[in-house]
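J.: Below is a structure I'd like to ask you about.
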Amino acid sequence: MSDNKIYDFTAKTFHGLEKILASELKKIGASEIKTGRRAVSFQGNKETMYRANYEIRTALNILQKITYFKANSSEELYNKTKNINWNNYININDTFSIDKTVYSDIHKHSQFAALKTKDAIADFFTENFKKRPSVNIKNPDKKINLHISGNKCTISIDTSGDSLFKRGYRTAKGQAPLNEVLAAGIVMLSDYKDIEYFFDPMCGSGTILIEAARIFMNVPPLYGRKKFGFHKFPDYDYQLWNKVKRNADKKINKDIQIKIIGTDIDPELVKIALKNISEAGLRHHITVHNKDFLNTKFENKNGLIITNPPYDERIKSSDINKLYKETGDTLKKGYKNWSAYIFSGNLNAVKHFGLKPSQKLELYNGKIECRLIKYDIF
């Protein structure tokens, strides 16, 4: 990978965050940006790829395309994969794994397609070098990505290694923690500019608070991560990577005026949130209290609420409809002139809010269909 050669990449994300991801990619100088389903394709050089891994908040991983071909049978998939010069991507002493996404009537069994791909890579090495790299599913040096749609096959290498939602600050987890990429996306979909107060009243393990603080302060999302997939690429450029990190870190500004506050009714969750906030280096910038949000008051401030109340999926609430109704009542009575964004996967319970939404966006939390609903409180 020479410094100015242009490569094809795909950034994977959650359904509903594609537009935000595309705008983030534009900011770092990516070109030929096209949004797809839970993915955005783009072009860029090695520096673009390093920046995408370090600076993009809404990407789950960054894949670099190796090749594209059509395969109308498993044999054709095997032969065309074996024809790739794998020596350019995998060292004989590396371990590797195959990640697969298959929507195809030809390649009905995704596991079999992945197996054929693995065999082709192993056989390429055995035939050329009398030796082959080992497979390691848990912690491979190289992750190869196989994407099949019908007869169209794309083979890529994962430049990220561990998924980019693993920011490194979440040492403790609550019952149903929100994915960091999703939390960042939710904040970026809100009107978070020009506010004095940012408040998550059901903050759980603190993910929304931490991601919001990092956005306000320009802290790169992967700040503090030591290892990426590209570190093991044959043409890894240590100086270029250091330059990318330095330039991004220079923009950090922790001297902000926004007050960032969280509360939760569960004292155990408050402990977990504080631990994670500490781990993220934000102890002096985020305040968290153990208290019930219902019947609280905080009027006429230029404030924004973003919260992810229980859905009754993993966290059970004794009466979810009542909880949502009382949350809506609290906002109506106690939070005049605020904006609130409620992220929920219980599409029935949100009807009990009793407030008129000014915006609704469809998102997914894993397999759960969710809505991000905005309420302007007058």
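The numbers here are math on the coordinates, done by the rules we state, and not lab data. Note that the coordinates shown come from a computational prediction; the quantities given were computed from them, not determined experimentally. Note: ideal-geometry Cβ built from the backbone for every residue, glycine included; neighbour counts use all protein chains shown.
J.: Explain nothing, just the number: dipole magnitude of the chain about its Cα centre with +1 on each Lys and Arg Cβ and -1 on each Asp and Glu Cβ, in debye rounded to the nearest 20. Write down the numbers at each step before the final one.
T.: Values: 62 positive and 42 negative charges, 58 e Å.
Dipole about the Cα centre, nearest 20: 280 debye.
J.: Separate question: What is the P(r) of the chain, as percent of Cα-Cα pairs per 10 Å bin from 0?
T.: For the chain, the binned pair fractions read 5, 22, 29, 22, 14, 7, 1, 0 percent.
J.: Which value does Rg/Rh take for region 276-378 over its C-alpha atoms, Rh per Kirkwood?
T.: Details: Rg = 14.4 Å, Rh = 14.7 Å.
We get a ratio of 0.98 for region 276-378.
J.: Next question, about the same structure. In whole percent, what relative contact order does region 7-158 give with Cα contacts below 8 Å and a gap of six or more residues?
T.: Relative contact order of region 7-158: 25 percent.
J.: Also, I was wondering about something else. Within region 120-147, name every residue whose backbone N is under 13 Å away from a label modeled 7 Å from Cα of Phe69 along the Cβ vector.
T.: 120-121, 124
J.: Hey, could you get me the Stokes-Einstein D for region 39-109, Kirkwood radius over alpha-carbon pairs, 37 °C and 0.692 mPa s, rounded to whole µm² s⁻¹? Walk me through the numbers on the way to the answer.
T.: Working: Rh = 15.1 Å.
For the chosen part, D equals 218 µm²/s.
J.: Provide Rg over Rh for region 7-158; use the alpha carbon set for both Rg and the Kirkwood Rh (inverse mean inverse pair distance). It would help to have the intermediate numbers written out before the result.
T.: Values: Rg = 15.8 Å, Rh = 16.1 Å.
Taking Rg over the Kirkwood Rh, I get 0.98.
J.: With a Förster radius of 30 Å, plug the Cβ-Cβ distance of Val135 and Ile265 into 1/(1 + (r/R0)^6) and report the FRET value to the nearest 0.05.
T.: About 0.05, to the nearest 0.05.
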